[in-house]
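Readers should treat all values here as calculations from the given coordinates under stated rules, not as data from a laboratory. What you are looking at is a predicted structure, and each value in this text was computed from that prediction instead of being measured. Here the Cβ positions follow ideal geometry from the backbone for every residue, glycine too, while neighbour counts run over all protein chains shown.
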Amino acid sequence: MANSPLLEEFEDRLLTSMGAWFQGERVVFRGKDLFHELNENSWMSILLFGITGREFSENQLAFFERIWTLCASYPEPRIWNNRVAALAGTARTTASLAIGAATAISEATIYGRRPDIRAIDFLFRAKDVKDRNESLAQFIRAEYQKHGVIAGYGRPISEKDERLAPIIRMAKQFGCYNGDYVKLAYEIERTIVALQGGPKMNIAGLGSALIADQGLSAEEFYRFMVLSFSAGMFPCYIDALEKPEGSFFPLRCSRIKYLGKPPRKWQETPV
Amino acid sequence: MAAKNRKETIKSTLWYEQATEDSPFVADVCRLRGYDVYGDMLANASWFDYLYLLFFDASPTKQQKKLLEAISIALANPGPRDPSVRAAMNGAVGGSGNAACLMAALAVGAGVAGGGRELLLAMSYWQRCGVQLERWFAVLRDPPQEERADVWPTPLNAPGFSPQGSHCPLRVRQTLDYFASLEVGSHLSWLQQQRRVLESTVDAPLSLLGVIAAAFTDLELKPEQGEMLYLLLRLPGAAAHAMEQRVFGWLSYPFWRDGLELTNDPGDRSNLVKEAVDEAAVVDEFVIE
């Protein structure tokens with residue numbers, strides 16, 4: 001069995017290429033001087049540089065930012081993550097706690113981060129299938145049999161995804177709509193429809209294809225999207241904060257539909 | 001619209017509330033699984049009766065309650081070297097709020113390396129293998145892999161076994177021995193008997209988390225319930241250490257001033273500015289008095 005030589009090597013010593021603060025002098029960000037080499041960069045470019053270590057063109061950065069604008073900035077307090085921000089406002093907690101908690105909640109399964117990473121991962125696996133000249137239909141069928149769902153296709157609550165048309169318009173405008181992964185995403189949609197009549201592609205499907213065409217990996221796409229919902233969270237928090245406390249969809253006692261045991265007297269289990 | 005919405009309810013098998021006469025939004029009586037919390041349990045039940053009842057539809061036996069209480073003690077303080085407690089202390093020394101400190105402890109203590117996610121995986125192994133040694137050999141030698149990508153990083157070590165050290169620490173053995181002596185189920189005593197065999201299979205010692213996973217399995221918790229309890233029960237220590245470090249302050253807390261080494265330091269890049277600028281003079285020039 002191993003001892004702990006690895007930890008001893010790291011004790012009091014962190015070797016890194018990510019960056020450092022030289023007190024009172026300068027800051028290095030992934031090998032570049034923040035104040036002299038990155039000082040005119042947009043925040044989006046710094047974010048993506050921090051995530052990937054790569055630099056992107058101005059056109060790509062504007063495109064990435066627009067994806068956030070169109071896909072992820074709904075000031076809708078009934079959506080589950082935004083509802084956390086609104087509850088934080090109605091209960092009068094701080095903005096940082098509200099946005100932190102709502103961001104953590106955005107790592108959901110029916111929306112948000114899990115569909116993001118699973119959608120792009122599915123595309124990459126489908127690409128491998130095609131590259132090996134194997135049947136895409138068979139791959140899709142197996143995925144449904146195993147998991148019952150394919151990330152990037154279908155949507156809870158509403159079948160139609162209102163984000164698709166604006167995103168397509170925008171992607172065309174930026175010259176980013178004709179990549180191989182976008183074509184593959186549509187081929188997958190056609191195959192699903194042919195196999196079982198639907199569901200159709202949702203924004204995670206198209207968004208992940210657009211991002212894959214820009215060269216991001218699955219993990220990079222996931223990390224890039226982590227903060228994406230935040231613009232929509234603040235209005236939900238502020239709105240609830242400005243209304244009377246506790247007034248965000250208040251629930252009367254009778255709104256708990258109790259389905260459990262009838263009233264009974266407490267007794268310890270004898271054994 | 002409002003009338004339509006009013007039909008929406010929160011379904012619960014746990015909790016019932018009876019409103020006061022003057023406000024439908026204020027509860028007079030609360031029942032947990034049928035028991036009157038404030039009119040009966042408060043005087044007659046213990047915290048561990050109550051905690052158990054939140055997870056199960058029956059009151060615990062004396063031995064189950066004892067095991068749950070012992071688990072709570074074993075987990076309550078991971079100690080100030082644990083990443084989750086360090087996260088809480090980091091918040092406190094910088095003057096962050098208590099909720100932020102606990103959120104930090106939860107987030108850091110949730111992972112696949114020593115956190116709630118590892119506990120869930122360890123319990124899923126118990127569900128899969130039970131007390132069948134051959135099944136354990138199979139799963140430890142060829143761990144199940146999720147072919148789809150996920151938000152969780154891929155675990156590198158067998159859940160429930162420590163990547164550090166060469167022997168099972170005394171406190172882990174003490175915990176396992178005591179838990180097993182309560183004879184709540186068969187998993188802890190089986191682990192006691194098979195510990196060395198399992199350790200040599202993965203070439204790593206059993207961890208405290210591994211014992212907790214077996215104990216939760218003896219309590220018949222599902223992995224998701226175990227993960228929740230594990231996250232919850234480790235918070236008291238994080239809270240206490242955070243409060244302690246808040247008093248000592250950031251100056252008494254490690255910063256590793258000389259501990260970070262950059263492998264790609266570009267050095268002083270101020271020469272990139274076309275005209276040499278005395279930055280101190282710039283700051284001085286724009287001081288507003």
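Annotation: lysines with alpha-carbon distance below 30 angstrom to A:LYS32 (same-chain offsets under eight excluded): B:LYS274.
Per-residue Cβ counts within 10 Å, from other chains only, averaged over A:247-257: what number is that? Neighbouring Cβ atoms belonging to other protein chains average 6 per residue here. The alpha carbon centroids of the range B:198-272 and the range A:211-261 are separated by 27 Å. Normalised by 2.2 N^0.38 Å, where N is the number of residues, the C-alpha radius of gyration of the range B:136-289 stands at 1.72. Shown for B:GLU147, B:GLU183, A:GLU37: other C-beta atoms within 10 Å of each C-beta, ranked fewest to most, produce the order B:GLU147, B:GLU183, A:GLU37.
Using Cα atoms only, what is the angle between the long axis of helix B:208-218 and the major principal axis of chain B, expressed in degrees (0 to 90) to the nearest 10? Orientation of helix B:208-218: about 30 degrees from the principal axis. Lysine pair count for the range A:91-243 with Cα-Cα distance under 22 Å and sequence separation of 8 or more or different chains is 13. The lysines whose alpha-carbon is closer than 18 Å to the alpha-carbon of A:LYS261, local same-chain residues fewer than 8 away aside, are B:LYS11. In the protein assembly as shown, inverting the average of 1/r over every pair of distinct C-alpha atoms gives 27.6 Å as the Kirkwood radius. What the pair-distance distribution of chain A shows, using all Cα-Cα distances binned every 10 Å from zero, is 6, 21, 25, 23, 16, 7, 2, 0 percent.
When peptides A:257-269, A:44-56, A:64-76 are ranked by their average number of other Cβ atoms within 10 Å per residue, the highest-first order is A:64-76, A:44-56, A:257-269. Cα convex hull, the range B:1-103: 195 Å³ per residue, rounded to a whole number. Take A:16-23, B:215-222 and order them by the average number of nearby Cβ atoms within 10 Å per residue, most first; the result is B:215-222, A:16-23. In the range A:1-120, one over the average inverse separation of all distinct C-alpha pairs is 18.1 Å, which is the Kirkwood hydrodynamic radius. B:LEU32 sits among other residues whose Cβ lies under 14 Å from its own Cβ, and their net charge, with Lys and Arg +1 and Asp and Glu -1, is 0. Using a cut-off of 14 Å between beta-carbons, work out the net charge of the residues near B:GLU261 (Lys and Arg +1, Asp and Glu -1, B:GLU261 not included). Within the 14 Å Cβ shell, the charges total -3.
Straight-line cross-link partners of B:LYS66 among the lysines, defined as a Cα under 20 Å from its Cα and at least 8 positions apart when in the same chain: B:LYS222. Normalised by 2.2 N^0.38 Å, with N the number of residues, the alpha-carbon radius of gyration of the range B:2-44 equals 1.40.
Cβ-to-Cβ counts within 10 Å put B:VAL247, B:VAL139, B:VAL93, B:VAL273 in ascending order as B:VAL247, B:VAL273, B:VAL139, B:VAL93, the fewest first.
Using the Cβ atoms and a cut-off under 11 Å, what net charge is assigned to the surroundings of B:PRO78, where Lys and Arg are +1 and Asp and Glu are -1? Spelling it out: positives minus negatives among the neighbours equals +2. Proximity of backbone amide H atoms, modeled 1.01 Å from N, is registered between A:LYS200 and A:GLY154 at under 5 Å, excluding neighbours fewer than 5 places apart on the same chain.
Per-residue shielding of A:218-225, expressed as the average number of other chain Cβ atoms within 10 Å of the residue Cβ, stands at 1. In the range A:1-61, the alpha-carbon atoms span a convex hull of 104 Å³ per residue.
Neighbour counts of C-beta atoms inside 10 Å place B:CYS129, A:CYS176, B:CYS101 in the sequence B:CYS129, A:CYS176, B:CYS101, starting with the fewest.
Looking at the protein assembly as shown, the DSSP beta bridges with both ends there are about 70 percent antiparallel.
Inside 10 Å of the C-beta atoms of A:231-239, what's the mean count of C-beta atoms belonging to other chains?
Partner-chain Cβ atoms within 10 Å, mean over residues of A:231-239: 0.
With 10 Å bins beginning at zero, the pair-distance distribution over Cα atoms of chain B amounts to 5, 20, 24, 22, 14, 7, 6, 2 %.
What would the Debye formula give as log10 I(q)/I(0) at q = 0.14 Å⁻¹ for the alpha-carbon point model of the range A:113-225, no solvent? The Debye formula, applied to the Cα set alone, gives -0.52. The angle between the Cα long axis of helix B:98-108 and the main principal axis of chain B comes to about 80°, on a 0 to 90 degree scale. Computed over the range B:55-98, the percent of Cα pairs more than 16 Å apart is 57. Once the convex hull of all Cα atoms in the range A:59-147 is built, its volume per residue stands at 132 Å³.
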